[in-house]
């Protein structure tokens with residue numbers, strides 16, 4: 001379970017990127033995090049994994065409160081998939097990209113091999129194991145980036161604009177893969193059709209504030225969404 005209480009992030013120029021946001025993400029929930037550019041979506045995700053320092057509030061995952069001493073433990077529990085797959089794929093082979101996290105946490109080569117094989121199989125991308133990310137399509141890169149987060153067996157998955165640069169076929173493959181994963185998810189996106197297919201909960205940010213948090217019916221409230229710049 002992921003719990004945010006009064007989360008606030010203020011940048012050095014005094015811009016309040018996230019303003020008093022709070023919610024609980026429970027087992028089985030898939031939350032679409034939507035809002036216009038600059039609404040605070042990416043800033044909120046980065047705060048959850050400790051990349052951005054909190055100016056106020058608390059973040060807790062599975063009973064572990066985010067702080068300097070717990071940062072490593074929190075990041076093991078939250079799998080983050082960045083908007084640009086190249087930020088996560090930097091090793092000679094996709095196998096090594098997945099193995100990097102396992103090795104960094106002291107896992108044996110036997111456990112690393114088992115984790116990587118199981119994760120690639122779960123996403124049906126075992127054929128990418130020996131490939132370089134430089135030779136992959138956009139859709140293949142995205143799936144491999146998801147795998148780098150999934151291999152650590154996180155409690156929660158967070159994805160930032162996962163459909164960026166993807167063609168319709170790759171979007172369908174990604175949607176199918178995500179729906180088959182048991183992990184609760186936060187998906188920050190402008191792609192309403194994708195979000196409606198994958199998510200059963202919608203949270204709307206405007207000016208850094210959480211202005212709505214409800215069910216899929218929010219996708220159909222065109223007047224409200226226009227007011228939020230969507």
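The values are calculated or read from the model by the stated rules, or taken from the named source; none is laboratory data. Owing to the predicted nature of the structure, the values given are computational and were not obtained by experimental measurement. With ideal geometry, Cβ positions are generated from the backbone for all residues, glycine too; neighbour counts draw on all protein chains shown.
Some notes on this structure:
- Any pair with Cβ under 6 angstrom, 6 or more apart, that starts in segment 34-57 at a residue that is under 28 Å from residue 226 (Cβ atoms) and ends at one that is in a helix (DSSP H, G or I): 35/41
- Count of segment 5-30 residues, restricted to those that are buried (at least 22 other Cβ atoms within 10 Å of the Cβ) and under 19 Å from residue 154 (Cα atoms), is 1.
- A Cβ distance below 6 Å, combined with a sequence gap of six or more or placement on separate chains, defines the contacts here; from segment 164-176, residues that are on the phi > 0 side of the Ramachandran plot and at pLDDT 95 or above reach no residue that is part of a loop (DSSP other than H, G, I, E, B) and surrounded by 14 or more Cβ atoms within 10 Å (Cβ to Cβ).
- Residue match in segment 92-103 (condition: touching a residue at least 24 places away in the same chain (Cβ under 8 Å) and in a loop (DSSP other than H, G, I, E, B)): yes
- Only one entry in 202, 211 is modelled with pLDDT of 95 or more and surrounded by fewer than 17 Cβ atoms within 10 Å (Cβ to Cβ), namely 211.
- Matching residues, segment 134-150, being surrounded by fewer than 21 Cβ atoms within 10 Å (Cβ to Cβ), under 20 Å from the mean Cα position of the chain (by Cα) and within 12 Å of residue 94 (Cα to Cα): 140
- Residues considered: 154, 162. Of these, the only one that is part of a loop (DSSP other than H, G, I, E, B) and buried (at least 22 other Cβ atoms within 10 Å of the Cβ) is 162.
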